[in-house]
1. Need the full-extension length gain, B:GLU7 to B:TYR327, defined as separation in residues times 0.36 nm minus the C-alpha distance. One decimal, nm.
2. Have a look at the DSSP beta bridges in the protein assembly as shown and tell me what percent are antiparallel, nearest 5.
3. Can you tell me which of B:SER279, B:SER331, B:SER259 moves the most in a GNM of chain B? Springs connect C-alpha atoms under 10 Å apart.
4. Placing +1 at every Lys and Arg Cβ and -1 at every Asp and Glu Cβ, with all other atoms neutral, what dipole size does the protein assembly as shown have around its Cα centre, in debye to the nearest 20?
5. What are the GluC sites (Glu not before Pro) within segment A:121-227 that DSSP puts in a loop, where the Cβ has at most 16 other Cβ atoms within 10 Å?
6. Where does each of A:ASP142, B:ASP284 land when they are ordered by accessible area, with a 1.4 Å probe and the largest first?
7. Which of B:ILE321, B:TRP71, B:HIS145 sits farthest toward the positive end of the charge dipole of chain B, with +1 on the Cβ of Lys and Arg and -1 on the Cβ of Asp and Glu?
8. With a 1.4 Å probe and every protein chain left in place, work out the accessible area per residue of segment B:126-368 in Å², rounded to a whole number.
Amino acid sequence: MTIRAMLGPQRDTPSLAPLLERIGLAGPACAVTAGWQEREGELQDLDQHMPGKTIDLELYRRAEDVFARDPVFHEAYRERQQRLREMQRLYRRRLDHTMAAVRELELETGSADLVQNERRAAMRALRTLDRQHLRRIRGLLDSFNARLDPVNHGIIAEHRREIAGQLGGCPILLIAGGHVEILLNRLRLFGVAELLEEQAIIAWSAGAMAIADQVVLFHDDPAQGSGIAEVADAGLGLVHGVVPLPHASHRLRLGDERRVALFSRRFLPARCLTLDPGASLVWRDGQMISVNSVFNMTRRGRLRPVTPV
Amino acid sequence: MNRDLRELLEDGTPTAEAIDNFIAERAFPLADARGVTFIYRGEAETVLLRHWVYGLPSSQALERVPDTDLWYRFIELPPRSRIEYKFDVVSDEQNHWITDPLNPLTAEDPFGRNSVCRAFGYERPVWTLPETGSRPGVIEALNLHSRHLEGPREVLCYLPARFRRSRRYPLLVVHDGADFLRFADLRAVLDNLIERLEIPPMIVAMTQAGDRLQEYAGDARHAGFIAEELLPTLQRKLPLEDNPSRRALMGASFGAVASLATAWLYPGVFDRLLLLSGSFAFSDIGPHRRGPAFDPVVEFMNRFRMRPGRPARRVYLACGIYESLIYENRSIVPLLQDNDIQVRFHEVRDGHNWENWRDRLRDGLSWLFPGPLWMIYE
């Protein structure tokens with residue numbers, strides 16, 4: 001039996017303990033807090049909500065150790081990251097124009113049938129661009145892994161054995177939020193997903209984004225920039241078919257039906273799900289069994305409460 | 001005239017009770033899409049609206065509604081404007097400058113307190129408000145002796161929430177820092193923008209001048225203090241990023257001149273500038289007309305304009321269009337751009353005051369130091 005859960009942000013409305021109680025899980029737990037970067041392992045807040053002991057897997061510290069002790073690997077890793085950044089920059093260049101076409105055609109008032117054709121084509125172009133970008137990211141990651149086989153690489157393998165030992169004694173793996181790329185890269189570097197056996201995975205905010213199929217970055221009103229959501233990475237794929245959106249009420253104009261509809265259609269067939277404070281979603285063996293305060297962004301631009309199947 | 005006021009007056013002289021009700025039910029001054037109607041109630045010989053909107057007469061008489069103690073004055077003010085004002089109430093041939101008794105909104109500056117007029121559509125940005133639940137940074141005093149300025153100096157250092165010595169931070173040096181804290185809510189702004197991930201956690205060193213009209217007027221001794229004394233001290237004591245693009249100077253009015261002058265005299269040390277309503281007075285030919293306090297500023301600006309070089313790589317400028325300095329600020333933009341400096345210039349419907357400068361901080365700081373908003377989901 002596998003349990004996977006996604007939660008909303010935990011800082012102001014912690015929902016971890018009630019969730020564990022509801023689904024009958026008890027510690028000890030392992031935790032990944034690499035997204036907190038230099039604050040990794042500061043589990044005081046988490047400990048208040050966890051019934052048993054929590055062991056931080058220290059993926060951030062371990063990665064720093066790998067980089068410091070293996071400069072050759074570090075250089076290869078840096079090159080990969082540089083290439084990913086460059087790919088992201090180029091993708092954004094195309095994305096700006098592709099999205100502009102979609103938005104302009106939405107406002108177009110010509111012959112209904114002709115306009116509709118163009119709108120569909122513009123949306124297809126946007127979806128194609130996203131998929132193509134995601135494919136290229138996966139290709140680059142696969143080629144890096146094939147070339148360097150990081151999980152079996154000297155120092156990484158040492159750390160990985162320790163991580164496997166720690167995970168072996170824990171029925172629960174908690175994945176906290178924070179910097180989504182740093183978190184995801186550390187999880188990938190040590191092949192944590194491949195070490196899992198029967199552990200229940202409970203992830204929140206960026207943690208939830210990391211365990212989905214793809215990572216979509218979003219904010220409708222950033223202080224700088226255009227605010228166009230972008231595909232940024234392939235996720236670990238431990239939960240399929242959803243795009244988790246932490247802090248959705250804060251980051252997205254959920255009352256703007258046009259924007260919500262566009263967001264939703266862009267990522268179909270995946271469901272774009274809000275993960276605000278207090279929200280939770282639980283799957284058992286791939287079947288959604290429990291939902292609390294999660295909304296699906298519909299094709300028509302509405303928010304529909306998600307219910308277990 | 002505002003429509004509500006016109007309705008009050010259209011049936012002739014309103015009774016005292018009608019005026020009481022009119023006042024009790026509304027916020028003042030009365031703002032609509034066309035402009036603002038200022039209202040004063042009380043006995044006086046004359047009531048004048050005093051404001052600092054460049055381009056309008058700075059003193060405008062309110063009109064008295066006959067046989068009442070109600071006074072009013074309408075001025076056109078575009079939507080989203082914000083201005084500061086006072087009433088000059090003349091009675092017994094004495095002038096009394098007072099804040100608007102019907103308007104609870106006031107703003108402070110080192111010279112006192114003014115009433116604040118928010119035109120139709122202006123709203124105080126939520127990220128300027130204290131007590132929003134953001135994790136608070138701390139402020140520590142740092143004392144050092146300045147050889148350049150020949151005396152002790154106290155600098156206030158803002159350390160962001162969750163400050164770590166193991167991490168390295170960008171640095172922002174703020175001229176008139178204590179005034180920014182007091183009059184522009186700088187601490188709340190930093191706490192909020194960092195919490196919202198719109199700027200990265202940063203260390204902010206807030207300086208205060210002895211004689212700012214001298215020290216901030218393009219004075220090489222002040223620049224020496226900042227670049228040769230303050231910066232190395234901060235680098236020794238605090239975990240700062242070692243990169244000019246992660247260091248900024250900020251200032252308003254004369255403080256903007258001091259920031260520009262420091263960057264110009266020490267190119268490559270501070271690669272980011274945030275310049276608000278800079279007092280960038282200059283003369284192309286003949287004497288300037290801004291008074292003796294500006295003599296050293298004009299001398300510096302003329303030298304700078306002659307040979308601007310590249311004092312920084314990225315400069316954010318903002319200025320109110322109700323300030324006389326808008327001309328000088330507009331003038332400096334092409335000069336900087338011609339020298340391959342990335343410039344963002346923002347003209348706003350506001351005046352030469354601290355709340356204007358406060359409202360610009362999100363745009364300026366997040367452009368100079370973009371935060372991790374896009375990547376962090378806590």
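The values are calculated or read from the model by the stated rules, or taken from the named source; none is laboratory data. Bear in mind that the values here come from a model prediction, so they are computed numbers and not experimental data. A quick note on method: Cβ atoms are made from the backbone with ideal geometry, for glycine too, and the neighbour counts reach across all protein chains shown. Note: areas computed on protein heavy atoms with side chains; ligands, DNA, RNA excluded. Shrake-Rupley method; radii C 1.70, N 1.55, O 1.52, S 1.80 Å.
1. On the way: separation 320, 0.36 × 320 = 115.20 nm, distance 4.08 nm.
Full extension from B:GLU7 to B:TYR327 adds 111.1 nm.
2. If I count the DSSP bridges inside the protein assembly as shown, around 60 percent turn out antiparallel.
3. Among B:SER279, B:SER331, B:SER259, the largest GNM mean-square fluctuation belongs to B:SER331.
4. Once rounded to the nearest 20, the dipole reads 3000 debye.
5. A:GLU197, A:GLU198
6. B:ASP284, A:ASP142
7. Checked the options; the winner is B:HIS145.
8. 39 Å²
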